[in-house]
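The values are calculated or read from the model by the stated rules, or taken from the named source; none is laboratory data. Predicted, not measured: the structure shown is a model, and the values here were computed from it. Ideal geometry is used to build each Cβ from the backbone, glycine not excepted, and the neighbour counts take in all protein chains shown.
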Amino acid sequence: MNLLYGLTDAIYSNLIREDRFMLLVRGLGTTLQITFFALILGIAIGVVISIMRIVNVKWLNAIAKLYLDVIRGTPAVVQLVIIYYAILGSVTLPKVLVASVAFAINSGAYVSELIRGGILAVDRGQMEAARSLGLSWTQAMSRVILPQAAKNILPALMNEAISLLKETAIAGYIALDDLTRSGNIIRSRTFDPYTPFLLVAIVYLYTTTILTSLVNRVERRMRASD
């Protein structure tokens, strides 16, 4: 009975009192915004970097490899802090935009390898056939190769979106009220050391479960089309 009373009181204190659940709602909204914009921009970066690695131009390949080595060799939280305070600190930009750019730069390194792998999985004869029909390299890549590669890339790309959603939990390092920081704000008001973060964990789990279900549905449709 005491356990039930304590649980009820904790939920009331951390969610109901002073409409504190709205902090989690707004925090989730911020997290989803960062994830969405970072994924879109990360895909664009990934396409550019993957093509830089595929084309037979040494200096472009060197730049792409340097980017990959730096981004994959340093923690995302360090990149976020450097981009916010050192690079964009003197520019007045919304924190959501800054965080989206930072996470996109990080995600782009991993997305580029997914895209490169998908492109290389397409039979080389497809490019040769497209060029023999009079298409330029750019036209062949955009109209023939990338559409075929997208089928191999999409499931892995959606899994990257799920990982990106969880990685945004460090956005609080630049004082951005994302989902995790909203839980910390509730904790500072209720002095409850664990309930707010249990609630945050439940929201993350529920959100990623929905996204995972979507990924599985897309994969089933792709297998059915085969």
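Considering only region 54-73, state which residues are farther than 13 Å from Gly108 by Cα, of a type in the set (Lys, Arg) and within 22 Å of the chain's Cα centre (by Cα).
none
Could you figure out which of (1) within 30 Å of Leu205 (Cα to Cα); (2) surrounded by 14 or more Cβ atoms within 10 Å (Cβ to Cβ); (3) polar (S, T, N, Q) isn't true of Ser50?
(1)
Among the candidates Arg181, Arg189, which residue alone is crowded, with 16+ Cβ neighbours inside 10 Å, of a type in the set (Lys, Arg) and touching a residue at least 24 places away in the same chain (Cβ under 8 Å)?
Values: Arg189 fails: crowded, with 16+ Cβ neighbours inside 10 Å.
Criteria check complete, one pass: Arg181.
When the residues of region 1-42 are narrowed to those that are among the small types (Gly, Ala, Ser) and at pLDDT below 80, which ends up nearest to Lys95 (Cα to Cα)? Quick ask: steps written out before the conclusion?
To start, the set of residues in region 1-42 that are among the small types (Gly, Ala, Ser) comprises 6, 10, 13, 27, 29, 38, 42.
Still in the running and at pLDDT below 80: 6, 10, 13.
Values: Gly6: 37, Ala10: 32, Ser13: 29 Å.
For region 1-42, the residue satisfying everything is Ser13.
Of the conditions (1) closer than 21 Å to Ile45 by Cβ; (2) free of Cβ contacts under 8 Å to residues at least 40 places away in the same chain; (3) surrounded by fewer than 18 Cβ atoms within 10 Å (Cβ to Cβ), Leu154 satisfies every one except a single condition; which number is it?
Result: Leu154 fails condition (2) only.
Just wondering, is there one or more residues in region 95-102 that are under 23 Å from Leu157 (Cβ atoms), in contact (Cβ under 8 Å) with a residue 24 or more places away in the chain and out of contact with any helix residue (DSSP H, G or I) (no Cβ under 7 Å at 6 or more places or on another chain)?
Within region 95-102, one or more residues are under 23 Å from Leu157 (Cβ atoms), in contact (Cβ under 8 Å) with a residue 24 or more places away in the chain and out of contact with any helix residue (DSSP H, G or I) (no Cβ under 7 Å at 6 or more places or on another chain).
Pairs only if they're at least six apart or on different chains, beta carbon under 8 angstrom, first in region 4-31 and assigned to a helix (DSSP H, G or I), second modelled with pLDDT under 80; list them, first residue then second.
As it stands, the answer is Phe21/Leu15; Leu24/Leu15, since those pairs meet every condition given.
Within the group Ser213, Ser142, Ser136, Ser188, which residue is out of contact with any helix residue (DSSP H, G or I) (no Cβ under 8 Å at 6 or more places or on another chain) and under 28 Å from Leu93 (Cα atoms)? Reasoning before the result, please.
Numbers: Ser213 fails: under 28 Å from Leu93 (Cα atoms); Ser142 fails: under 28 Å from Leu93 (Cα atoms); Ser136 fails: under 28 Å from Leu93 (Cα atoms).
Of the residues listed, the single one that is out of contact with any helix residue (DSSP H, G or I) (no Cβ under 8 Å at 6 or more places or on another chain) and under 28 Å from Leu93 (Cα atoms) is Ser188.
Those residues that are in a helix (DSSP H, G or I), in contact with a helix residue (DSSP H, G or I) (Cβ under 9 Å, 6 or more places away or on another chain) and loosely packed, with under 14 Cβ neighbours inside 10 Å, I need them from region 70-86; list them, please.
Taking region 70-86 and keeping what is in a helix (DSSP H, G or I), we get 70-72, 76-86.
Going one step further and asking which of them are in contact with a helix residue (DSSP H, G or I) (Cβ under 9 Å, 6 or more places away or on another chain), we end up with 70-72, 76-77, 79-85.
Passing the criteria: Val70, Arg72, Tyr85.
Looking at Ala175 and the list (1) small (Gly, Ala, Ser); (2) surrounded by 13 or more Cβ atoms within 10 Å (Cβ to Cβ); (3) at positive phi, which single condition is not satisfied?
Failed condition: (2).
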